[in-house]
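Undergrad: If you scroll down you'll find the structure; I have some questions about it.
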Amino acid sequence: MKTFLFLFAAVLGLSASAQDDPKSKAIVDKLIAKNKTYTSFDADFSSRLVNTASKLDVKQDGNIKVKGRKFRLTLSDNTVINDGAALWTYSKKSNEVSISDPKEMDETLDPANLFNVYEKGFKSQFVSEKPDAAGTVVQTIKLFPLEPAKKAYHTVVLVVDKNKLEPKSVEMYYKDGNVVTYILKKFTPNAELVDALFAFDKSKFPGVEVNDMR
């Protein structure tokens, strides 16, 4: 679960540092300016976790809705909801939901931080600008943590749609050999999202076992 939450926190919200090259800095600055216009968003995504040495290959589709500090992350077997007062993590397989304090969540795992989690602590490097297989002009940037010893990964590769100024994909290279790829399939900024989406309604999950860990 944390892997998918971290992917959302990692995909956007970059900020240039003194160690950025001019091309990557210009792209990042434009992303920041556009990101600040978002008050909510609705996104469909796919992800893939690969570890060649372990012969691991895990794929998953999902959806994320964010409005202010609230979010709803929906995966095939799990749903995570932050209603502002509590964090609800529901498992479809066990029909259980755990409740925790959202204040205890690592900010890098919080999808609500999607557009600002990387405002510091990283340097960027421009890689390329070219059309992808669909003919869309994309810009590729590499990101490196300024304090690598404190991170589980060493490199993040971000691919941005040049015209839309939106991310198309992100790859995270972990020190243990894991490579996680996230692809944005559909993105709707400033989506109209009703508050009911960010509440866990127990009546819709008959027999659910509730574990309050607050």
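Readers should treat all values here as calculations from the given coordinates under stated rules, not as data from a laboratory. No experiment lies behind these values; they were computed from the predicted model shown. Cβ placement follows ideal geometry from the backbone for every residue including glycine, while neighbour counts extend to all protein chains displayed.
Undergrad: How many of the residues making up region 160-180 are assigned to a strand (DSSP E or B), in contact with a helix residue (DSSP H, G or I) (Cβ under 9 Å, 6 or more places away or on another chain) and not charged (D, E, K, R)?
TA: The initial filter retains those residues of region 160-180 that are assigned to a strand (DSSP E or B), namely 160-161, 166-174, 179-180.
Applying the additional criterion that residues be in contact with a helix residue (DSSP H, G or I) (Cβ under 9 Å, 6 or more places away or on another chain) yields 160, 166-167, 169-170, 172, 180.
Filter once more, keeping what is not charged (D, E, K, R): 160, 167, 169-170, 172, 180.
Number satisfying all stated conditions: 6.
Undergrad: Which pairs have Cβ atoms under 6 Å, sit 6 or more apart or on different chains, and link a residue in region 49-76 that is closer than 30 Å to residue 189 by Cβ to one that is among the acidic types (Asp, Glu) and part of a strand (DSSP E or B)?
TA: Once the first residue is closer than 30 Å to residue 189 by Cβ and sits in region 49-76, its partners that are among the acidic types (Asp, Glu) and part of a strand (DSSP E or B) give 50/57; 63/44; 65/42.
Undergrad: Looking at region 148-157, is at least one residue part of a strand (DSSP E or B), within 25 Å of residue 68 (Cβ to Cβ) and in contact (Cβ under 8 Å) with a residue 12 or more places away in the chain?
TA: no
Undergrad: Also: Just one of (1) more than 14 Å from residue 48 (Cβ to Cβ); (2) surrounded by 17 or more Cβ atoms within 10 Å (Cβ to Cβ); (3) under 17 Å from the mean Cα position of the chain (by Cα) trips up residue 179, so point out which.
TA: (1)
Undergrad: Suppose we filter region 66-100 for residues that are of a type in the set (Asp, Glu) and within 17 Å of residue 194 (Cα to Cα); how many remain? Working first, answer last.
TA: If we filter region 66-100 for residues that are of a type in the set (Asp, Glu), which is where we start, we get 77, 83, 96.
Still in the list and also within 17 Å of residue 194 (Cα to Cα): 83.
Looking only at that region, the number is 1.
Undergrad: Within region 25-49, count every residue that is within 21 Å of residue 92 (Cα to Cα) and hydroxyl-bearing (Ser, Thr, Tyr).
TA: Matching residues across region 25-49 total 2.
Undergrad: Still on this structure: Can you find a residue in region 38-46 that is in contact with a strand residue (DSSP E or B) (Cβ under 6 Å, 6 or more places away or on another chain), in a strand (DSSP E or B), within 22 Å of residue 204 (Cα to Cα) and aliphatic (A, V, I, L, M)?
TA: Checked region 38-46: no residue is in contact with a strand residue (DSSP E or B) (Cβ under 6 Å, 6 or more places away or on another chain), in a strand (DSSP E or B), within 22 Å of residue 204 (Cα to Cα) and aliphatic (A, V, I, L, M).
Undergrad: Does residue 138 satisfy the condition of being within 15 Å of residue 45 (Cα to Cα) and among the β-branched types (Val, Ile, Thr)? I'd like the intermediate steps shown before the answer.
TA: Numbers: within 15 Å of residue 45 (Cα to Cα): no; among the β-branched types (Val, Ile, Thr): yes.
Against the criterion (within 15 Å of residue 45 (Cα to Cα) and among the β-branched types (Val, Ile, Thr)), residue 138 does not qualify.
Undergrad: Another question about this same structure. Within region 182-214, take every residue that is of a type in the set (Val, Ile, Thr) and part of a loop (DSSP other than H, G, I, E, B) and give me the one that is nearest to residue 51 (Cα to Cα).
TA: Step one: filter region 182-214 for residues of a type in the set (Val, Ile, Thr), giving 183, 188, 194, 208, 210.
Pick out the ones that are also part of a loop (DSSP other than H, G, I, E, B) and you get 194, 208.
Working: 194: 39, 208: 34 Å.
Ranking the qualifying residues of region 182-214, first place goes to 208.
Undergrad: Is it the case, given these coordinates, that residue 49 is among the aliphatic types (A, V, I, L, M), surrounded by 14 or more Cβ atoms within 10 Å (Cβ to Cβ), in contact with a Pro (Cβ under 9 Å, 6 or more places away or on another chain) and closer than 29 Å to residue 104 by Cβ? Give the derivation first.
TA: Values: among the aliphatic types (A, V, I, L, M): yes; surrounded by 14 or more Cβ atoms within 10 Å (Cβ to Cβ): yes; in contact with a Pro (Cβ under 9 Å, 6 or more places away or on another chain): no; closer than 29 Å to residue 104 by Cβ: yes.
Criteria not met by residue 49.
Undergrad: Looking at this structure, is residue 205 more than 20 Å from residue 47 (Cβ to Cβ), surrounded by 15 or more Cβ atoms within 10 Å (Cβ to Cβ), touching a Ser or Thr at 6+ places or on another chain (Cβ under 9 Å) and among the aromatic types (Phe, Trp, Tyr)?
TA: Values: more than 20 Å from residue 47 (Cβ to Cβ): yes; surrounded by 15 or more Cβ atoms within 10 Å (Cβ to Cβ): yes; touching a Ser or Thr at 6+ places or on another chain (Cβ under 9 Å): no; among the aromatic types (Phe, Trp, Tyr): yes.
Answer is no for this residue.
Undergrad: Condition first: of a type outside the set (Lys, Arg) and under 20 Å from residue 91 (Cα atoms). Now tell me which residues in region 50-65 satisfy that.
TA: Taking region 50-65 as the starting set, the residues that turn out to be of a type outside the set (Lys, Arg) are 50-54, 56-58, 60-64.
Answer for region 50-65, where residues must be of a type outside the set (Lys, Arg) and under 20 Å from residue 91 (Cα atoms): 58, 60, 61, 62, 63, 64.
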